[in-house]
Every structure is written in C-alpha cells, then in structure tokens.
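The values are calculated or read from the model by the stated rules, or taken from the named source; none is laboratory data. For clarity, every value in this text was computed on a predicted model and none was experimentally measured. For neighbour counting, all protein chains shown are included, and Cβ atoms are generated from backbone atoms with ideal geometry for every residue, glycine included.
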Amino acid sequence: MSPTIDTKSPVVHHDLPTPDPESPTRTRQPYKLSTLCVAVENPSMKDQYGSSSVPIYQSATFKGVGNEYDYSRSGNPTRSHLEHHIAKISSAARAFAVSSGMAALDVILRLLRPGDEIIAGDDLYGGTNRLLTFIRTHVGVTVHHVDTTDPNAVIPFIHPTKTAMVLLESPTNPLLKIADLALISKEVKERAPNAIVVVDNTMMSPYLQRPLEHGADIVYDSATKYLSGHHDLMAGMITCNRDDLAKQIAFTINSVGNALTPIDCFLLLRGVKTMAVRMDRQQATSQLVATYLHSLGFKVHYPGLPDHPGREIHQRISDGNGAVLSFETGDKELSEKIVGSTRLWGISVSFGCVNSLISMPCVMSHASIDPAIRAARGLPEDLIRLCVGIEDSSDLLDDLEHALVDAGAIALSAQQNKYVRVPPGHAALNKAVEQLAIGSSNSRGVEHEWFVSAPGKVILFGEHAVVHGVTAIAASVDLRCYGLTTPRNDGKLSAHFNDINDFQAEWDIESLPWGASAPLGHHERHPEDLDQQLIEAIHAGPLRELGPDKDQARNAALAFLYMYIKLTNAERPSVHFDVRATLPVGAGLGSSASFSTCAATALLLLSHRVTLPSIPPPISAEHLHLSHHGRHALEKHNAEEANRWAFIAEKILHGNPSGVDNSVAVFGGALTYNRPGFGKPSGMESIQGFGSLRFLLTNSKVPRDTKKLVAGVGLMKQEQPEVVGSILDSIENISAQAKRSLADSTEFGRENLLRDLSVMISENHKHLVSLGVSHPSLEIIREKTAAPPYNLSTKLTGAGGGGCAVTLIPDDFSDTSMKDLLSELTECGFDPYLTSVGGSGLGILSPYPEHRNTSAKDIHPGQVTPPETPDEANTSDPGDSIKASFETKSLLELTGWAQNLGKWLYV
Ligand SMILES: Nc1ncnc2c1ncn2[C@@H]1O[C@H](COP(=O)(O)OP(=O)(O)O)[C@@H](O)[C@H]1O
Ligand SMILES: C[C@@](O)(CCOP(=O)(O)O)CC(=O)O
C-alpha cells in the first residue's frame, strides 16, 4: 500500500504488522505493544540507504510533478513514518501529527458547526476548557460540562440530533476520575448515532489505553507528554478508524498548516521507542508515591489505590494506572510550601517527561479556569499534582518526605517513631515548635532510650559451605545480645561493650569523618560493597588510638561507627550505646550477628528508618514472660531493613559472611538459608519441627576468629577446587536430606528422625574436619560425647577452630546420663549448656508507657526493699533505671530482668 498523502483523497490506511506464521505448524503470537513501540519499520517506506533511524526530510518542497510528496504542509516522508507508527500502536487505521495537543483538539473541534452541542467533562485540562469556551462564544456551539465519570449524568444531555460530540478524558487531569469510555460510547451511539465520541488519551498514552478499541471515534494525545517523554518538543497526535472523519481531519490540517515539522516528527519517533520502559518505571514509582502519601493520611487521587472509586472500570479499559497522581493537604498555603520545598520534583506544568514534576493545578495548569467554576467543579485549591518520572524511586520519596517535613505537613511522632501527618491548620504551629525544639544545632534531640535484643544461633548443618552457596540449616538459641541507647544530648557519642573487656569510648559527634561518606537518602539502599574510604577514615580518625591488642573492640566500634555515619547523617543523635550479651563472644554461636543486629536496629530507630506499629495489639500479662510472645509485632519490611544493615555490620566484622547468622538473629525460629549469587534459589525458608529437638552446646573456650577461618576455607577452595568442591557437594546432600527429614518428621517417625540426624551430624563434622576447621578441643568434646554410655553425635558449629560443639540429645537420654556428661565436660574445662532452639528473633522493648511493666521497676543493687518514697528520677524516666541495671545485672539475671521490663515487640 502506498503511503501517499494526496490532498484530494488524503485517507491512507496503515497495516498493523502482525507477523506471518513462520511455518504452518508453528504460528507466531502477535508482537506485544512494547515491541511495537520500538519497531518503527514501515515495509512500504524502505529507506534507499537502509538507514536504521528514520531520516529527517527537512525540506519544505519536493521536486517534480505528481510524485508522492510535493509540499511539507500536505505531506512529508518523516511525518508519514511517524503517523504510520502511531497508528500501529493505537489500534488505528489513520494517525495525524500536528503541532501540539491543543492543535489536535482545534482540528477536531473544526468538525463542529454552529448550533451543535458538545458534552464535555467537568474536570478538564485548563487549555481544553479555554478552547471550548472560545468555540462556545465565537462559533455558537453549546457546551455542557457534566461529570462524565457518571454515565447517568451524561445521558440526560444526549440529544438525538443536536449532540455532535462527546469529549471525554479518563483518568481526568488532575483529579484522576475515571469515565467508563466503553459504556458512554455505547450509550451515545444508541441515543445519537451521528455524535462523535472523542477521547483525550494524554494521561494514559496508547501504551496503557487505546480508546478506539472501546468505541471512541477519534482519540487525540498531547504527544508532548508520554509519547515523546523528554519535554523537548511539542506535538499532538490524532488517531481514528473512520474514513469520513479522517478525510475531514486531513483537510483541516492541510488547510490551516499546523502539521508537525519534520525535525519534531523525528524526535517524537525517537521518543516513542522508549515509551514502554519509561511508563513501566514511572507507573511503578507512582504506585509507591501514592501508597506512601495515602499511608500518611492524605487524600490521594490515583487509580492504583484500592479505595479509588473508579478502579474497577479503569482496570477494565486500561492496561495500567499511569504516572500522574494528585493529593490534598487541606491547606492551600501548606500545599504551596510543599511544592516550593521539593528539590528533585521540578515545579512545572505539563507531565509525561522523564523528570518528575510537581505543581498546583489551581495556580498553574488550571489557572485559566475561573476560581468560581473551579470551586463548582470540585477542584480543590490545595490540590498538588505529582507527575512521576524515571528517577530512582527512593530519591523521589526521600525528596518528597523532606518537602513534607520542611513545610510542616508531617512531623515526627516521638511515640510512634515515625512521621505522621500534622492536622491541617496545625502545620505552621507545629513547625515553629519543632524548630524551637531542634534549636539552631543540626542535631536533633533524642527523647528516650531504645532497648533492643537479638538471639545467637546454632548451625546444625552447612556452616562454611553456606559461604560457597550450600544450604545451611540453623536456628536461634536462647542466648541473646542486648543493646541499649540512652540520650546524651551533649554533642557526644559513646559506646560501652561490656563483654569486650569492658571497652568504653566517647567521640565528639562533629569530629567524626562525615565528609568521607556521601549521605544516604532516607529510602536509599546501601550498595553491596562496603565503603572502604569511610572504613579507612574511621580507622584513621575515631579509632586511631586502638592498638592491635584491641581487635575485638575495634571491629565492633568500627561496625557501629560505620552505620552511625551512614545512617544518621541528618539526625546525628547524641546517644550512649551499651551492649551486653548472654552469648559467649567468638564461640561460633553468632555473637557477631546478634551484636550487628542490635547495633543496626538501634541506629535505624534513631534515624527513623525503622518504625514501630502505632497501636500494638493488647497483651495479657501471663504472656509477658514468654520469649516468643509478641512475634510478628514488627513489620516485615522493618525486619528486612534491619537484616540488610546487620549484614553490612557482619561484613565489617567478619569479612565474607554468608548472611545466615544475621538472618537467624533477625527472624529467629529455624530456617534453611541459601546465599544469593550461586545460580539457584536463594534466601531463607522457615522450618518447623526443629524447636522440639534438644541440643547440648559445649564451649571449648578456645578463642578463634571467624574471619580468618572463613578466609582459610576460601583459600583452600582456590587451591584445591576439586577436593573442596566434592566436600561442598557432600554437605549439600546432607542439608537437603536433613531438610526433607525435618519437613516429614511426623510421617517419618520421631525415632527415625533422631537417628538420621545423628548420622548426618557425624558426617557433616567429618567434612568440616577435612576443611581444616576443627580443633583438638572440639575433637575431645566429640569423643567424650560419642563414648559409651552416651553414644551421642557431635559436630562443631559455626566457624570452628575452637568455639562451640553441638550435640543432639535423643528423647530417651536419661537425666543421670546428662548429669554425668555435664560434669565430665566441665571437669575437662569446657562450658556445657543445654539449650532450646527456635525462639524469637529481633525484639524491641515497646516504648509505649502502657506497655512498660511498672511493677518490675528496678531495685538498685544493694537495696533489699524498694525505698518507701519512690525516687523521682527513677519513676519519671524508666531509661535511668534501665541503664543502671543493664550494666550491673548478673549474667543469669539479665534475660529475666529484660523480659520483665514490659512488652517486647518481636519480628
Ligand atoms: N557483645 C558484644 N559486644 C561487642 N562486640 C561484639 C559482641 N559480640 C560480638 N561482638 C563482635 O563480634 C566479634 C566476634 O565475631 P565472631 O568471631 O564471628 O564470633 P561469633 O562466632 O560469636 O559470631 C567480636 O570480636 C566483636 O567484634
Ligand atoms: C562459618 C560460617 O558459616 C558461620 C559463622 O558463624 P560464627 O561467626 O562462628 O558464629 C560463616 C557464615 O556463614 O557467614
């Protein structure tokens, strides 16, 4: 077919390129729209040089008589290419490119005659409204503005002969109201067969919605928006399937001369190629932004939200929710402040660009509508419109949050430790109060203490091998690390690691190496690799005086300071961080991961990146003491964030961690774990049935260093890949078998399960010996437990090289035997300990006063009975009593005391 634009008979139909079947037996599916967007080829317009990009025919005239093209106002090869392409992706036979979206509407409105009537929406783009007013006053066309989101409001205005055009938008701009394009088209056709249904599809683009498929006669787009995507050109596209209409449209364009210029046609063709990827990203971020604003309590207009009134209709007629949304703040002045406070969101009219934009329709795009009419049409003066671009979603959310905070629309709730919406009208007042509280310094006040805790772990199968992609099976143990932050508010930061030779240090916050690290946005993820520049700066700065004999403390302080600098750049809270554990440090029970989890969580709370549920469910007193009560009180995304940061601290402490230890410390319970990056499913899966098993943990008390042991296995793997490879395969088989046995334990029988696990424990240990990570002390423990009358299976657990061994205790193991075994091990200088596994993961002591157990208020050491007159400071600030007792409680009392303080919120 010829693409000739003949002004006498200008209608040209464009083929939709459904690919031919390759063979009679294998049909090809039609290309998806995103493929069609990229495939600009027009088989009937092959370029003479085979250029892969459509050339710009920047020529007003073409030589010769009777050729395809003579004058660019009538036709131009670059424009023909563009029109063919847009027709193809719009389910249209014809497409016309003109100089702007308004030019498109102008061409369409010229189909009307004096006396005709139009039905149009009441929430229209301001420019559309302006042109409609013009044709009403100058052409004598009657315009009925009705709520087109309600078909019943449209029907009474349809006149069988007078109604010449129904002009629809869906979603509307800027209130995102939905019109049922299919239903209205049908109703119009039935009642006024000659009326033309016209749809402005700019908010959606053909990628997300093709109204011609739903009965519209003409569709137009401001191609300045999504079709081009870059705000570097202005264009309008008109598409239709009716020859009669196409002829009239072509006639008008040729007569008035508003066709798109060749260079803009070229730019638009280039833009369309990336439309699908742009829109996919823009939509995904829009959903995040809408959900975020909605969660803060703003009235948000976006069809992607579950409570949007037109959602069901929109899902039926479109393929997505688009990238424009709007929200109300309740206060015009506040909205102006928010719009003025953003940095990344550019203040601009229009939308559809790769850059994100923010605007207030009533003072910008819709300012041309009379304020009284705006009010009558329900357009809120405080409405903010967001047009989402392709920037990183975390940057956009962060910028918006900053703007909301700066304008005083949201404020930090000390009690909930998260941003909450300030009731409209209070914003200015609250802002002033907050400024006073913050004072002139950039460090924000810290109101109360945070008390957090996380368990250690026992690895039953797969340690070391898990670093290299093998499945590990691990569970939490009932030994925990505790971290407490207390406010200092004197510009200093301090830490006290009770278990690391009572290490204490204090730093001037402003002297920390802030400059060595780029600040991390509020929603920004930490990159996979550690920031070596910051690590070096911390070593050279705050840690410079710690010699090699202080390795353990230096590493822990490094992990703490690294996260403090990365996470709290905006707040820089002045706090004291106290750590104590009931876990042996460096013994293979994951002390580093539980420490990392505590430090990460405390800092995430202080930087308001982890928030608590505002109304935790009520508790009954009898449950207060159970360690696993309150599970799932912390939201999953908060747990995941804590786990991500605990893993970062683990990298600092341990070099090449697999992530199993911190996953157990955060999520608790029992799980299988696979490290990502080995071409197989990764992550964790919780396993049941583990909690009923009894284990004896025996600490050899031989110190060792996880980092060195893990690095040692890594080196061995490099030097003897085949030997290590086959050991890893064998361990993988053991883990897989153990996973199956644990999963099927009821069917399999308890006795069989215990017997199988025993065999696998011994096997796994042998493989660890081959990897060179056992130690004579561990072999003594293994031999002692294996000897009659005990006949138990033991393996090292964790990194080995000393540290702990784990022994499986069968159900029928007698109390007498246990007593004998414990004393035998103790006599050899070991620390045996019977543990229960599978308890709670990360916990945060609820900060809500109603959750604090006042009867458990502490009695200071040395006091036999509570004082008759309660100590003022002690009653008014539970933080004081927590800190004092935390450092002085005996190891045996620590867990019970912590539990008794109040309700713990667990992952
Ligand atoms: N309670 C704690 N307080 C401070 N730092 C700790 C604590 N527990 C562990 N760490 C840090 O973790 C390191 C121990 O890590 P690692 O050798 O992996 O032992 P584990 O096998 O117990 O995880 C310590 O040297 C110290 O830096
Ligand atoms: C050896 C390893 O598998 C477990 C280390 O445990 P621990 O640090 O010894 O508690 C290493 C890892 O998985 O990161």
Of everything in the range 563-612 that's at positive phi and surrounded by fewer than 24 Cβ atoms within 10 Å (Cβ to Cβ), which residue is nearest to the chain's Cα centre (by Cα)? HIS608
Only one of GLY677, GLY683 that is within 15 Å of ligand 2 (Cβ to nearest atom) and more than 19 Å from LYS457 (Cα to Cα): GLY677
Please indicate, with yes or no, whether at least one residue in the range 563-571 is away from ligand 2 (no atom under 16 Å from the Cβ), assigned to a loop (DSSP other than H, G, I, E, B) and of a type in the set (S, T, N, Q). yes
Tell me, which strands (runs of 3 or more DSSP E) wholly within the range 448-516 include 3 or more residues that are in contact with a strand residue (DSSP E or B) (Cβ under 6 Å, 6 or more places away or on another chain), among the β-branched types (Val, Ile, Thr) and buried (at least 24 other Cβ atoms within 10 Å of the Cβ)? 450-461, 472-487
For LEU696, are the conditions met, namely being within 16 Å of ligand 2 (Cβ to nearest atom), at pLDDT 95 or above and either touching a His at 6+ places or on another chain (Cβ under 8 Å) or in the same structural domain as TRP645 (by TED's automatic domain parsing) (or both)? no
On the basis of being in contact with a helix residue (DSSP H, G or I) (Cβ under 9 Å, 6 or more places away or on another chain), within 16 Å of ligand 2 (Cβ to nearest atom) and either part of a strand (DSSP E or B) or modelled with pLDDT of 95 or more (or both), does ALA559 make the cut? yes
Consider SER682 against the criteria (1) surrounded by fewer than 24 Cβ atoms within 10 Å (Cβ to Cβ); (2) under 17 Å from THR471 (Cα atoms); (3) in contact (Cβ under 8 Å) with a residue 12 or more places away in the chain: it satisfies all of them except one. Which criterion is unmet? (3)
Mind checking which residues of the range 129-149 are under 22 Å from SER255 (Cβ atoms) and in a helix (DSSP H, G or I)? LEU131, LEU132, PHE134, ILE135, HIS138
Restricted to the range 339-352, and to residues that are within 24 Å of HIS308 (Cα to Cα) and out of contact with any strand residue (DSSP E or B) (no Cβ under 6 Å at 6 or more places or on another chain), which residue is surrounded by the most Cβ atoms within 10 Å (Cβ to Cβ)? GLY352
On the basis of being in contact with a Ser or Thr (Cβ under 9 Å, 6 or more places away or on another chain) and either assigned by TED's automatic domain parsing to the domain that holds SER700 or not in a helix (DSSP H, G or I) (or both), does VAL579 make the cut? no
Which ones in the range 459-473 are within 9 Å of ligand 2 (Cβ to nearest atom) and more than 28 Å from the chain's Cα centre (by Cα)? ILE459, GLY462, GLU463, HIS464, ALA465
If we scan the range 435-451, do we find a residue that is more than 30 Å from ASN173 (Cα to Cα), modelled with pLDDT of 90 or more and of a type outside the set (Lys, Arg)? yes
Could you check the range 735-793 for helices (runs of 4 or more DSSP H) lying wholly inside it with 2 or more residues that are modelled with pLDDT of 95 or more? 750-770, 776-786
If you take just the strands (runs of 3 or more DSSP E) that sit entirely in the range 183-277, which of them hold at least 3 residues that are within 19 Å of ILE119 (Cα to Cα)? 196-200, 218-222
Look through ALA711, ALA743, ALA736 and report the one residue that is out of contact with any Ser or Thr (no Cβ under 6 Å at 6 or more places or on another chain), in contact (Cβ under 8 Å) with a residue 60 or more places away in the chain, among the hydrophobic types (A, V, I, L, M, F, W, C) and assigned by TED's automatic domain parsing to the domain that holds HIS775. ALA736
Qualifying residues in the range 286-329 (those that are in contact with a Phe, Trp or Tyr (Cβ under 6 Å, 6 or more places away or on another chain) and assigned to a helix (DSSP H, G or I)) - the one surrounded by the most Cβ atoms within 10 Å (Cβ to Cβ): LEU293
Do we find that THR224 is in contact (Cβ under 8 Å) with a residue 24 or more places away in the chain, within 35 Å of the chain's Cα centre (by Cα), buried (at least 24 other Cβ atoms within 10 Å of the Cβ) and under 22 Å from LEU132 (Cβ atoms) in this structure? yes
Filter the range 653-674 down to the residues that are crowded, with 23+ Cβ neighbours inside 10 Å, within 12 Å of ligand 2 (Cβ to nearest atom) and small (Gly, Ala, Ser) and list them by number. SER658, GLY659, SER663, ALA665
Would you say TYR482 is within 14 Å of ligand 1 (Cβ to nearest atom), in contact with a helix residue (DSSP H, G or I) (Cβ under 9 Å, 6 or more places away or on another chain) and hydroxyl-bearing (Ser, Thr, Tyr)? yes
Considering the range 802-814, residues that are surrounded by fewer than 24 Cβ atoms within 10 Å (Cβ to Cβ) and either touching a residue at least 12 places away in the same chain (Cβ under 8 Å) or in a strand (DSSP E or B) (or both), and then whichever is farthest from ligand 2 (Cβ to nearest atom), we arrive at ASP811
Residues located in the range 666-725, provided they are more than 24 Å from HIS775 (Cα to Cα), touching a helix residue (DSSP H, G or I) at 6+ places or on another chain (Cβ under 7 Å) and not aliphatic (A, V, I, L, M): PHE667, THR672, TYR673, ARG675, GLY689, PHE690
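Per-residue answers, yes or no, for (1) on the phi > 0 side of the Ramachandran plot; (2) exposed (fewer than 11 other Cβ atoms within 10 Å of the Cβ):
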site	(1), (2)
TYR31	no, no
ALA39	no, no
SER44	no, no
VAL54	no, no
THR61	no, yes
GLY64	yes, yes
ASN67	no, yes
